[in-house]
Amino acid sequence: MKILAIESSCDETSAAVIEDGCRQLSNVVASQIKSHKRFGGVVPEIASRHHVEFITLVIEEALQRAQCTLKEIDAVAVTEGPGLVGALLIGVSAAKAIAYAAGLPLIPVNHIAGHIYAANLNDTLEFPLLALVVSGGHTELVYMKESGSYEIIGETRDDAVGEAYDKIGRVIGVPYPGGKHIDEMAHHGKDRYNFPRAMIKEDHYDFSFSGLKSAFINKVHNAQQRDEVLDSNDLAASFQAAAVDVLIDKTIRAAKEYPVKQVVLAGGVAANSALRNELAKAVEHELPNVRLIVPPLSLTGDNAAMIGAAAYIAYTRGERAELDLNAKPGLSL
Amino acid sequence: MKILAFDTSNTAMSVAVVDGQQLLAEKTVNVRKNHSIQLMPTIDLLLQDAKWTPQMLERIVVAEGPGSYTGLRIAATTAKTLAWTLGIDLVGVSSLQVLAQNAAMLEGQWICPLFDARRGNFYTGLYRINMDGQAVVIEPDTHIALVEWLDYLAHQDKTIYFVGEDAWKIKDTIKKHLADRAYFSKAILQTPDAWQLSQLGACKEVTDIHTFVPQYLKLAEAEANWLARHTLQEGESLVDTY
Ligand SMILES: [Zn+2]
């Protein structure tokens, strides 16, 4: 079965053709990063305008690269939320129009479920599993008892981890999005500033990154006032170590409490090398019977292939949307 | 020609299914409702009323703006994706012209449609009803300070008919500038009518589906601020496709 999937929840307009939920026939992404770099972050109105410019182009390109026509497509899937409402509306409007005009079933997909199922495109998910979803908008620990069932057991109480990376990136003076640059700088620095590991000792699985962000900003400002020069690489390494420590500590503890077969790392921050490496080491040492799955870099950011992968499960579970489908910016799993 | 026409530029939603000049089905809702929720079900309902399948359509005509950004994008995205999926023509028509066309019986008269753009600014243009009963452009659509626009109109030695709900709301201000040269349309003519839209779109040139975007007539604020300090290199793309 072939699904045409569409994703437009933030600043990537994407369309993909996915076969049986696991084979990626195409995955086209029109990324607006260059545009939003001008403003130091995503501007929702501008994101929405770009989505309208590219929506039919990426859909046509996705079908062409998959070497198929709409006649060979069995269903249309789209991200209904969470995300920016104006951005989501473009994908939702387009998906409804195609489903209606081509007489195809319409499958609504949760963006977070998409990030988790991205792992199913290069590997095979086995349940029960624990997923750590980390991106500019999310920091969540999701327990999945079986395919298509989601339980959020921990989430951030303030900033998402990717958001914290972008904000301290601005303070250090690296271009948006800051994550990649901080990660690189961290390799050349040392963790010497002992930034706080928020809530690491508490026995729930929630996160908080605003304290870490403030501690970082204070450190930089205080040094500036004393005309003291701090090593940017050390700052980056210290921030990264604090963020990664908390993420890994909570993930490992949750995986010990819940009887999981796999731990899945998902979302844009899954591209972070320290998080990938440290989590791999921790799983190997502390969870001998658990397998860690990390999606390839090309599938960590927002893309429609992951939406098609999650849509297949939703489809087999009978989930459908009607023509009154609306964008749901605050949708939870 | 079998046409599906729709306008969700402002509060009202109007959808019509039209065969040539013959209206087969139409629905206009003028209470604040979510266009994203009601547009596609209405299209489905009206095509069923007309006993047509989507595949029988030959042209999509959409009100392309100005208006509320979200409403414009819902209409534009739905229109271009329907046209692309069905492999048929797409035509965009000014949302202000659609309103002006409501005054089609006033041959030779000057018509001024108005949408409130907030902070003392309006989207507006100036149209004249020609001998065929078509609203043709005298002054192109623009985003402008109300005072400046009324001052310009006051210097035209003409009687002007104002159309649109937002025009009615600023009646007193308009009268201050134009005195007895300002006329106001009846309530029924203040709401966009997708049948009128279909007729304007029937004789307009077809547009390219992929590059079709709403006519916002205004840059996003962040973009305007950026352009005040930078210039975009020619051919420079801000979006990369991979
Ligand atoms: Zn995402």
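The values are calculated or read from the model by the stated rules, or taken from the named source; none is laboratory data. Since this is a predicted model, take the numbers as computed values, not measurements. No Cβ is skipped: glycine too gets one built from the backbone with ideal geometry, and neighbour counts run over all protein chains shown. Protein only, heavy atoms only, side chains kept; ligands, DNA and RNA dropped before computing areas. Shrake-Rupley method; radii C 1.70, N 1.55, O 1.52, S 1.80 Å.
Considering only residues of the range B:190-215 that are open to solvent by less than 40 Å² (accessible area, probe 1.4 Å) and in contact with a Leu (Cβ under 7 Å, 6 or more places away or on another chain), which is nearest to A:GLY86 (Cα to Cα)?
The qualifying residue nearest to A:GLY86 (Cα to Cα) is B:PRO214.
Looking only at the range A:5-23, which residues are in contact with a Phe, Trp or Tyr (Cβ under 8 Å, 6 or more places away or on another chain) and not hydrophobic (A, V, I, L, M, F, W, C)? Steps first, answer last, please.
First, pick out the residues of the range A:5-23 that are in contact with a Phe, Trp or Tyr (Cβ under 8 Å, 6 or more places away or on another chain): A:13, A:18, A:20-22.
A:THR13, A:ASP20, A:GLY21, listed by residue number.
Look at A:GLU286 and say whether it is open to solvent by 50 Å² or more (accessible area, probe 1.4 Å) and modelled with pLDDT of 95 or more.
In short, yes.
For the range A:65-85, how many residues meet the condition of being surrounded by 15 or more Cβ atoms within 10 Å (Cβ to Cβ) and more than 16 Å from the ligand (Cβ to nearest atom)? Full working, then the answer.
Let us first name the residues in the range A:65-85 that are surrounded by 15 or more Cβ atoms within 10 Å (Cβ to Cβ), namely A:65-66, A:68, A:70, A:73, A:75-85.
In the following step, the residues that additionally are more than 16 Å from the ligand (Cβ to nearest atom) were identified as A:65-66, A:68, A:70, A:73, A:75-76.
Going through the range A:65-85 one residue at a time, the tally reaches 7.
For the range A:169-186, what are the residues that are modelled with pLDDT of 95 or more and of a type in the set (A, V, I, L, M)?
A:ILE182, A:MET185, A:ALA186
Just wondering, is there one or more residues in the range B:18-38 that are open to solvent by less than 10 Å² (accessible area, probe 1.4 Å), of a type in the set (S, T, N, Q) and either more than 22 Å from B:LYS218 (Cβ to Cβ) or touching a helix residue (DSSP H, G or I) at 6+ places or on another chain (Cβ under 8 Å) (or both)?
Scanning the range B:18-38, I find at least one residue that is open to solvent by less than 10 Å² (accessible area, probe 1.4 Å), of a type in the set (S, T, N, Q) and either more than 22 Å from B:LYS218 (Cβ to Cβ) or touching a helix residue (DSSP H, G or I) at 6+ places or on another chain (Cβ under 8 Å) (or both), so the answer is yes.
Does A:GLY211 qualify as being open to solvent by less than 60 Å² (accessible area, probe 1.4 Å) and either part of a strand (DSSP E or B) or under 15 Å from A:ASP249 (Cβ atoms) (or both)?
Answer is no for this residue.
Within the range A:280-321, work out how many residues are more than 22 Å from A:SER149 (Cα to Cα) and of a type in the set (Val, Ile, Thr).
Number of matching residues: 1.
Quick grid of which residues meet (1) away from the ligand (no atom under 16 Å from the Cβ); (2) part of a helix (DSSP H, G or I):
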{"position": "A:VAL229", "(1), (2)": "yes, no"}
{"position": "A:SER238", "(1), (2)": "yes, yes"}
{"position": "A:ALA242", "(1), (2)": "yes, yes"}
{"position": "A:THR251", "(1), (2)": "yes, yes"}
{"position": "A:ARG276", "(1), (2)": "yes, yes"}
{"position": "A:LEU279", "(1), (2)": "yes, yes"}
{"position": "A:ILE313", "(1), (2)": "yes, yes"}
{"position": "A:ALA327", "(1), (2)": "no, no"}
{"position": "A:SER332", "(1), (2)": "no, no"}
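Sort through A:GLU155, A:GLU151 and tell me the only one that's of a type outside the set (S, T, N, Q), within 15 Å of the chain's Cα centre (by Cα), more than 13 Å from the ligand (Cβ to nearest atom) and away from every other protein chain (no Cβ under 14 Å).
Step by step, each of A:GLU155, A:GLU151 is checked, and only A:GLU155 is of a type outside the set (S, T, N, Q), within 15 Å of the chain's Cα centre (by Cα), more than 13 Å from the ligand (Cβ to nearest atom) and away from every other protein chain (no Cβ under 14 Å).
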